[in-house]
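Reviewing the structure listed below.
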Amino acid sequence: MDLSQAKHAFITGGASGIGLGIADALARRGLSVTIADIDKETLAEIVGTRGNQFRGIHLDTRDRERWAEAKQEAESVFGPVDVLCNNAGIAPNGRTFAEMSFESFDMLLAINLVGIVNGVMTFAADMQARGSGHIVNTSSQAGITASMPGVGAYCVAKYGVTALSECLRAEMAEHGVGVSVLCPSLVHTNLAENTAKIGAELREGLPVMKSDVTPDHVGEFVAQGIENNEPFILTHAGIWPALQPRFDALRAACEKRDGDSTMQELI
Ligand SMILES: NC(=O)c1ccc[n+]([C@@H]2O[C@H](COP(=O)([O-])OP(=O)(O)OC[C@H]3O[C@@H](n4cnc5c(N)ncnc54)[C@H](O)[C@@H]3O)[C@@H](O)[C@H]2O)c1
């Protein structure tokens, strides 16, 4: 999408970290930005320091009724949303499946996956009808490779976000709407503190996140990714060795089957 033609971006989880980095990058390109976040106080602070180009909307992305109101409220001020960034999320709970509670699993899925589905389903039909727009969904490196103990529920949600985004991209392409999935590796943010703040489980002793990639870098990667309609937006060049074993294993599994099972068609 040509961002010089875009006017309005709606960003969930935009009061902090990666979402705020995206908000600032899009504002630098001239877009008006609606930041939607569950954290009312931080939202007010952030919007208060940034002026009229920004507006804050209090939204818990799990609340479907509130999504419809938020869309109406945002568009009544800045016009139709051209860029939707479904970014709000919480950290892994640090539990293995053997020790995890249903409540903790459900909360991770509700925010990190269903919250994103809610955003897509609130805005996709309008973008499709207008024949323009771009949607960026925040997944994770944990949405393209899964192997570490203690991040299982997070990976289930983030793989879901990746799958949602790839399917949505195929569905929206013919309607002129772009879709990208953002898969950050470690980025220094307040993810752990904010996860604890909203009462989600977070096991103590999880590793502290350190990285030389900042939310501002990610904001620029996302803006470029929208401009080029990139399917995947990654943040760290060095992660291929973490991805490759999965693709090698899939290839090896394919190669085990013999020649007469190479053909399949839908009838
Ligand atoms: N920081 C990383 O290393 C990293 C790596 C991979 C993926 N991610 C993903 O990036 C996204 C942004 O995280 P971040 O690292 O910038 O963390 P962050 O905590 O700095 O920002 C997340 C924001 O989302 C908001 N939020 C949480 N739940 C919400 C809800 N239900 N409704 C509305 N807002 C809600 C929080 O209040 C916060 O402002 C998340 O989806 C996270 O899973 C982060």
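The values are calculated or read from the model by the stated rules, or taken from the named source; none is laboratory data. Just so it is clear, the structure is predicted and the values come from calculations on it, not from any experiment. Cβ sites come from the backbone with ideal geometry, for glycine too, and all protein chains shown count toward neighbours.
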### Task
Residue by residue through the range 118-150, note down the ones that are part of a loop (DSSP other than H, G, I, E, B), modelled with pLDDT of 95 or more and hydrophobic (A, V, I, L, M, F, W, C).
ILE144
### Summary
Counting only residues in the range 182-203 that are under 18 Å from the mean Cα position of the chain (by Cα), more than 6 Å from the ligand (Cβ to nearest atom) and assigned to a loop (DSSP other than H, G, I, E, B), the one nearest to ILE144 (Cα to Cα) is identified as SER185
### Message
Every residue in the range 73-112 that is among the acidic types (Asp, Glu) and under 16 Å from ALA36 (Cβ atoms), please.
### Response
GLU73, GLU75, ASP82
## Note on the structure
Of (1) under 23 Å from SER180 (Cα atoms); (2) touching a Gly at 6+ places or on another chain (Cβ under 6 Å); (3) surrounded by 18 or more Cβ atoms within 10 Å (Cβ to Cβ), ARG62 fails just (3)
### Message
Residue under question is PHE105, and the condition is that it be among the aromatic types (Phe, Trp, Tyr) and out of contact with any strand residue (DSSP E or B) (no Cβ under 7 Å at 6 or more places or on another chain); does it hold?
### Response
yes
### Task
Test HIS175 against the stated conditions and say whether it is touching a Lys or Arg at 6+ places or on another chain (Cβ under 7 Å) and surrounded by fewer than 18 Cβ atoms within 10 Å (Cβ to Cβ).
no
### Message
Can you tell me which residue is nearest to the ligand (Cβ to nearest atom) among those in the range 111-142 that are β-branched (Val, Ile, Thr) and surrounded by fewer than 24 Cβ atoms within 10 Å (Cβ to Cβ)?
### Response
ILE111
### Task
State whether one or more residues within the range 164-181 are touching a His at 6+ places or on another chain (Cβ under 9 Å), in contact (Cβ under 8 Å) with a residue 40 or more places away in the chain and closer than 25 Å to SER16 by Cβ.
yes
### Query
Is it fair to say TYR159 is touching a Ser or Thr at 6+ places or on another chain (Cβ under 9 Å), assigned to a helix (DSSP H, G or I), away from the ligand (no atom under 12 Å from the Cβ) and aromatic (Phe, Trp, Tyr)?
yes
### Query
Residues that are within 18 Å of the chain's Cα centre (by Cα), in contact (Cβ under 8 Å) with a residue 24 or more places away in the chain and within 13 Å of the ligand (Cβ to nearest atom): which strands (runs of 3 or more DSSP E) entirely in the range 1-94 hold 2 or more of them?
8-12, 32-37, 83-86
### Query
Are any residues in the range 148-170 in contact with a Gly (Cβ under 6 Å, 6 or more places away or on another chain) and hydrophobic (A, V, I, L, M, F, W, C), and if so, which ones?
VAL161
### Message
Checking the structure you have, find out if any residue of the range 204-219 is closer than 21 Å to ARG246 by Cβ, touching a strand residue (DSSP E or B) at 6+ places or on another chain (Cβ under 9 Å), of a type in the set (Val, Ile, Thr) and within 11 Å of the ligand (Cβ to nearest atom).
### Response
no
